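Engineer: This is the structure I have questions about; it appears just below.
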Amino acid sequence: PDKSKFDISSDALCELPPRVDRSMSSVTIPPPACMLRPLEVPLRYLFGPGPSNVPPRILAAASRPIIGHMHPEMYEIMNDIKRGIQYAFQTENNMTIAMSGSGHAAMECAVFNTVEPGESVLISINGIWGERVAEIAERMGANVHRLVKTPGGYFTNKEIEQAIEKHKPVLFFLAHGESSAGLCHPVDGIGDICRKHNCLFLVDTVASLGAAPIFMDKQNIDILYTGSQKALNAPPGTAPISFNERACRKMFNRKTKPLSYLFDMTHLSNYWGCDGKPAREYHHTGPVSGFFSLRESLAILAEKGLEESWKKHTEVVAYLYKGLEDLGLKLFIDLRLPSVTTITVPDGYNWRELLAYIMKHHQIEMTGGLGPSIGMVMRIGLMGYNCEKTNADKALNALADALKNCKKSKS
Ligand code: GLV
């Protein structure tokens, strides 16, 4: 073959496969060598804050043959997903769907649809998720007010109410599962405060759903979302979200169109059969295999039962706490998420070295902090399928080994 055409001399990796004669080829960019190798994916224990390992049953669901995103069978599957989310969220809301996208898609969908440019929003920030929502709201032109604490900080209902009285927001955001700090924030009473002040209550349960109790209807949460890849154990890429009637009234009586076409709930509510119209119109092509796997993950949760799932997470994490304390490690906060545990970076150690050691020698992913908690914590997540004492033992054994073998060389 006439290789000179491609000038590949500087990159041995891109050498053309000898058996292909490309002398007559019209393409000037050769096929990359990496694309001619088979896909390789290592087996890892995903004991960080997500994604978590996906059980074979869910992987099998994802590998079922593709059907059209607008076939009647697909609509049935989407209807099942809606029922599964209603159970997981403990809500009867009709406006319950799954986003084609990660938890961020649900976050943007919530803000884009319920807030109009210039409106006031109040965001509690005690880790990365409040920071993200504030940035999203700012980008779409909202008037953003921040209620800030150090990572893992807790807001009293009184503080929240005072800030709502002061800023008169149309939306108040709280992360129930603040995974960057390992915090499970109490929610009781906040929905009532929001109602009293004509404000919508938006709650993020990406890291907590299935691991810690949440009752959307009873707790007067107006908008709730989660992700697929944490305690639900589905692959990343879909995100359940639900809006109650108060939220629907606000979002379907806007003066302006939402910034995003893809996340516009007028279209998504039709795509998910929630708008009462007889026909579903084409809006976008949903992630068909992602929906198969989400359905399977919600089916597993329904079979197991929410209470059983909460109990399991509580038991396993208590076992993990004890093991961590026995290793001389310090838990970072008191109001802890049962799904993601944060430990203070042990004195004298470089957290990056510890984590790299654990990955290299034990094939276990644990992570450092995220956003404002970087450098403060290390995070261990045992979620859903991964939530077993045997996995806690694996994590503890790896940590003990790393503490013994990593130099004390504070970064
Ligand atoms: C992501 O959700 C994380 O907490 O790292």
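Computed from the coordinates by the stated procedures, all read-outs in this text should not be read as laboratory data. Everything numeric here is computed off the predicted structure, so don't read it as measured data. Don't worry about glycine lacking a Cβ; one is built from the backbone with ideal geometry, like all the others, and counts go over all protein chains shown.
Engineer: When the Karplus curve 6.51 cos²θ - 1.76 cosθ + 1.60 is applied with θ = phi - 60°, which whole-Hz ³J(HN,Hα) does each residue of region 51-66 get, with x for Gly and Pro?
Structural biologist: Ordered by residue, 3J(HN,Hα) equals x, 9, 4, 9, x, x, 4, 6, 4, 5, 4, 5, 8, 5, x, 6 Hz.
Engineer: For LYS196, which lysines qualify as cross-link partners when the Cα separation must be under 20 Å and same-chain residues fewer than eight apart are set aside?
Structural biologist: Once the sequence-local lysines are set aside, what remains near LYS196 is LYS158, LYS166, LYS168, LYS218, LYS250.
Engineer: Right, here's the next one. Kindly provide the helix-only [θ] at 222 nm of the chain, computed as the sum of -39,500 (n - 2.57) over DSSP H runs of four or more divided by all residues, to the nearest 500 deg cm²/dmol?
Structural biologist: That calculation yields -11500 deg cm²/dmol at 222 nm.
Engineer: Loop-only check: which chymotrypsin sites (Phe, Trp or Tyr not before Pro) in region 262-331 are DSSP coil with at most 11 other Cβ within 10 angstrom?
Structural biologist: TYR282
Engineer: Amide H of THR341: which non-local residues (sequence gap of 5 or more, or other chain) have their own amide H closer than 5 Å, using H built in the peptide plane?
Structural biologist: ILE380, GLY381, LEU382
Engineer: Along region 379-387, what does the Karplus equation 6.51 cos²θ - 1.76 cosθ + 1.60 (θ = phi - 60°) give for ³J(HN,Hα), rounded to whole Hz, x for Gly and Pro?
Structural biologist: Running phi through 6.51 cos²θ - 1.76 cosθ + 1.60 with θ = phi - 60° gives 10, 10, x, 10, 10, x, 4, 7, 7 Hz.
Engineer: Compute the distance from the alpha-carbon center of region 232-301 to that of region 163-204, in whole Å.
Structural biologist: First find each Cα centre; the distance between them is then 22 Å.
Engineer: Let me ask something else about it. Based on a Kirkwood Rh over C-alpha pairs, give the Stokes-Einstein translational diffusion coefficient of region 27-166 at 25 °C and viscosity 0.890 mPa s in µm²/s.
Structural biologist: 124
Engineer: What ranking do THR344, THR238 get, fewest neighbouring Cβ atoms within 10 angstrom at the top?
Structural biologist: Sorted ascending by nearby Cβ count, the order is THR344, THR238.
Engineer: I'd like the GluC sites (Glu not before Pro) in region 92-182 restricted to DSSP loop residues with at most 13 other Cβ atoms within 10 Å, sorted by number.
Structural biologist: GLU92
Engineer: Filter the DSSP H helices in the chain by two things, a Kyte-Doolittle mean of at least -0.5 and an axial alpha-carbon span of 18 angstrom or more, and list the hits by number.
Structural biologist: TM-like helix candidates: 72-89, 288-304.
Engineer: Let me ask something else. Once amide H atoms are built 1.01 Å from N in the peptide plane, which residues 5 or more positions from GLU119, or in another chain, come under 5 Å H to H?
Structural biologist: Here ASN143 satisfy the definition.
Engineer: Within a Cβ distance under 12 Å of ASP192, other residues only, what is the Lys/Arg minus Asp/Glu net charge?
Structural biologist: Charge balance near ASP192 sits at 0.
Engineer: What FRET efficiency would be calculated for the residue pair TYR261, MET70, taking the C-beta separation as r and a Förster radius of 22 Å, to the nearest 0.05?
Structural biologist: 0.75
Engineer: How high is the FRET efficiency between ASP393 and LYS330 when r is their beta carbon distance and R₀ equals 30 Å, given to the nearest 0.05?
Structural biologist: Efficiency, from the Cβ-Cβ distance: 0.90.
Engineer: So how far apart, in nm, are the two label points at LYS218 and THR285 if each is 7 Å from Cα heading toward Cβ?
Structural biologist: 4.3
Engineer: Give, in whole angstrom and from largest to smallest, the semi-axes √(5λ) of the equivalent ellipsoid of region 276-315, with λ running over the eigenvalues of the Cα gyration tensor.
Structural biologist: Semi-axis lengths for region 276-315 are 32, 13, 8 Å.
Engineer: Please give the FRET efficiency for ALA318 paired with ALA400, using the beta carbon to beta carbon distance and R0 = 25 Å, rounded to the nearest 0.05.
Structural biologist: 0.85
Engineer: Would you mind calculating the gained length between MET35 and LYS408 on full extension (0.36 nm times residue separation, minus the Cα-Cα distance), in nm to one decimal?
Structural biologist: Length difference between fully extended and current span is 130.1 nm.
Engineer: Could you tell me how many cubic angstrom of Cα convex hull volume region 80-125 has per residue?
Structural biologist: In region 80-125, the Cα hull volume divided by residue count equals 116 Å³.
Engineer: Taking the Kirkwood radius as the inverse of the mean 1/r across Cα pairs, report the Rg/Rh of region 56-303.
Structural biologist: 0.96
Engineer: For a distance above 14 Å, tell me the whole-number percent of Cα pairs in region 202-259 that qualify.
Structural biologist: The answer is 60 percent, as a whole percent.
Engineer: Oh, and also: Residues with amide H under 5 Å of LEU171's amide H, sequence separation 5 or more or different chain, H placed in the peptide plane at 1.01 Å from N; which?
Structural biologist: When sequence neighbours closer than 5 places are left aside, the close amide H contacts are LEU122, LEU200.
Engineer: Within 12 Å, Cβ to Cβ, of SER180, how many net charges do the neighbouring residues add up to if Lys/Arg are +1 and Asp/Glu are -1?
Structural biologist: Summing Lys/Arg as +1 and Asp/Glu as -1 gives -1.
Engineer: Okay, next question. Taking neighbour counts of Cβ atoms within 10 Å as a proxy for exposure, in what order, fewest first, do HIS284, HIS176 appear?
Structural biologist: HIS284, HIS176
Engineer: Around ASP204, with a cut-off of 15 angstrom between Cβ atoms, what is the net charge of the other residues, counting Lys and Arg +1 and Asp and Glu -1?
Structural biologist: Computed value for this residue: -3.
Engineer: Turning to a different aspect of this structure: How much length is gained if the chain between ARG254 and ARG195 is pulled fully straight, taking 0.36 nm per residue apart and subtracting their Cα-Cα distance, in nm to one decimal?
Structural biologist: The ARG254-ARG195 span can extend by a further 19.3 nm.
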